[in-house]
Each structure stands twice: as structure tokens, then as C-alpha cells.
Amino acid sequence: MLRAILFCFLFFQSAACLAASDRIVPSGPAAQAILLAFAPEKVVALSNALPHEAARFFPQRIRDLPVIGQFYGAADLNLEELAKTLPDMMIDLGESKGTVFRDMERLSAKVGIPAVHIDAGLKQTPDMFRRLGKLLGKETEGEAFARRAEKIYARAENIFRKAKADKPKRLLYLLGQKGMNAAAKGGFHAQTVDMAGENVAVMSDMSPRGFGDPVDFERILLWDPDVVLFAPHSAYDEVKDSDVWRQLSAVRNGKYYEIPSAPYNWISFPPSVNRYLGLIWLPKLLYPEYADYDLYAEVKEFYKTFYRYDLSRAEFDAMMKKAM
């Protein structure tokens, strides 16, 4: 069994893997977001309950799925609930940690079914869709998803490269209820921000979790970014009338924004396919002189492709209220 699992992990074309892919479960929120976008008909359980903002983008069958917990992060995987769903395979999509082989061995032994990991880093997302398509017997869909992701990534990369050659924006991504956690430069959850400009949150120690690292306001003042990006439900609404926050030039200049969060945070959490919405939004926000495309049209197409959802102009405008 172990050798078969490792073969699946390495090549994603074992007959055993492909034959056992009709009932799948995600290992955590990143995998869940991707699988619900790519193969919702095969998902038989959720690792995490859908956030309120996300639920309306999915059909009732998905909203009614049992929640079994997650392998990483909260590590609250409920084996009894998992067993009830009669899954064929658990799929892990996300950061390829150095311990991933051992983790997949341990996960498979724990859940009693094959466990497969595919790297889902920001740049690796197109290849991830191709591998996922092969694994799940959906190669045509995998290629279509991959090509759409490649187009978004290449355009964003080109815009950011031109802007950085001119004058890159100094960015700070803040999370937490009071905005006192920062997404550290070089972290997996800061990949989108690092790509878009100069992430000023340089830290020697960084948390692998998606909630950022605690910082004090003195440190934020020393960084003094050009643009502040607040996570959804963070400190955005407090900033305008705060004498403390107005010490930041970005706040005084009105260069602070709240990241859209429907169905998920467009920048980082979970670090999944939703980050490609960030690669559509950030070029238009930060470097509009280089981003000569219709933002609504691009976002609408993304929702149609990845969420099978027809996004209205009114819904888009509501998302952009604090984001532009």
C-alpha cells in the first residue's frame, strides 16, 4: 500500500489512483477550496465549515456536506466522521514541506485510505491543475483550468516586473482583529504580496500559520509602507478616524484597502486558487497604468470558470467598496 501511495504522490498516473477517485476528501482548507472549484461532484466531506461569505457561491449539496476537520493546522480530523463518508482518497494541496512524504505516510495510515499531495504554490498552480486532472480522470478540465491560471499569472508577473523596474510599491499586509499581525516577507501566505511589490514586513522568525505574526505599532511606523492591505474583518473600519493610524503616510494618503473576501480572502487565506483573484485585482489597484483590462470582466470570468457562478455587477461593486 505504501509503495502505491508514494507512486501516486510522485507520478499521479497509477491505475489504482485513478480508479479510486470518485469519492474524495480534502486534508484542509487550501485543498478544500481547490477541490470545490475543480471537482465539486467528487467531494464527499469538508475539512472546514464554509465561511458565511463563501456559502452562497456553492450549491446546497456542498453546503450540506459533513465537516470532518483537517490534518494540518487545527489538526482536528475526526476519523469517525471521515469513515462515515466512505471516501476513496484524501487529497492534500498546498505547500510542499520537507516532511511531506512522511506526512502523507502518516496521514494514509491514520485515515486508512490513499493520501496524495500536490504542490499548490502560487507559481505551481497551473501545473497543480494538470496533475489534479490526471489524478481525478478530468484531464480536459485540468488543462482548461491550468491555461486560465497561466494567463492570469503571466499577465500579473509582466505588470509587476514593469512596475518594479520603475518604482515598486512598498506593501504591508496586516491581519487580525486590530490589524496587529503582519504577513512576513518570504512566507507561504505572503506569496501574492511579495510578487506584487516590496513587502516591508521583514522578520527573522515567521509563523507557518495563515494568521500572520504579531507586531507593535512602532514597528509598523518604522516600516511606513506606501500601501496597507487589511485582511477582511480586520482594522480597516477603525483607521479613518484614528489619530494613531493616521501617523502612517499610507493612511493619510488614503492608500489603505480591505482585501475582498468572497468566497475567500483574495490574497492568502486559504492559500489556494482564490489567490489568483488577487493577481487580477492587485495589478489594477497598485499599477493601473500597466493594467489595461476591465477588472469586472476579468473577475466575472474567474467566478464563472472556477466557481461556476455568474457574478453580477452589483455584487462586484459591493466587493470593491473598500478595495479600490
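Scanning region 23-65 for residues that are touching a Lys or Arg at 6+ places or on another chain (Cβ under 6 Å) and either surrounded by fewer than 20 Cβ atoms within 10 Å (Cβ to Cβ) or of a type in the set (S, T, N, Q) (or both) returns Val44, Ala55. State all residues of region 245-261 that are more than 27 Å from Leu311 (Cβ to Cβ), of a type in the set (Val, Ile, Thr) and part of a loop (DSSP other than H, G, I, E, B); if no residue qualifies, say none. Matches in region 245-261: none. For region 110-120, the set of residues classified as surrounded by fewer than 15 Cβ atoms within 10 Å (Cβ to Cβ) and either in contact with a Phe, Trp or Tyr (Cβ under 9 Å, 6 or more places away or on another chain) or aromatic (Phe, Trp, Tyr) (or both) consists of Lys110 only. Restricting region 138-171 to residues that are out of contact with any strand residue (DSSP E or B) (no Cβ under 9 Å at 6 or more places or on another chain) and outside any helix (DSSP H, G or I), the residue that is surrounded by the most Cβ atoms within 10 Å (Cβ to Cβ) is Lys138. Being within 17 Å of the chain's Cα centre (by Cα) and in contact (Cβ under 8 Å) with a residue 12 or more places away in the chain holds for only one residue in Gly142, Gly179, Gly186, and it is Gly186. For region 53-83, the candidate set comprises residues that are in contact with a Pro (Cβ under 7 Å, 6 or more places away or on another chain) and part of a helix (DSSP H, G or I); within that set, the residue that is farthest from Asn265 (Cα to Cα) is Glu81. Among the residues of region 43-69, the ones that are more than 16 Å from the chain's Cα centre (by Cα) and either outside the structural domain of Arg23 (by TED's automatic domain parsing) or modelled with pLDDT under 85 (or both) come to 1 in all.
Of the helices (runs of 4 or more DSSP H) that lie entirely inside region 262-324, those containing 1 or more residues that are surrounded by fewer than 17 Cβ atoms within 10 Å (Cβ to Cβ) and among the acidic types (Asp, Glu) span 295-306, 313-319.
Filtering Leu174, Leu107, Leu135 for residues that are in contact with a Phe, Trp or Tyr (Cβ under 6 Å, 6 or more places away or on another chain) and either assigned by TED's automatic domain parsing to the domain that holds Val299 or surrounded by fewer than 17 Cβ atoms within 10 Å (Cβ to Cβ) (or both) leaves a single hit, Leu174.
The values are calculated or read from the model by the stated rules, or taken from the named source; none is laboratory data. No experiment lies behind these values; they were computed from the predicted model shown. Every residue, glycine among them, receives a Cβ derived from its backbone with ideal geometry; neighbour counts consider all protein chains shown.
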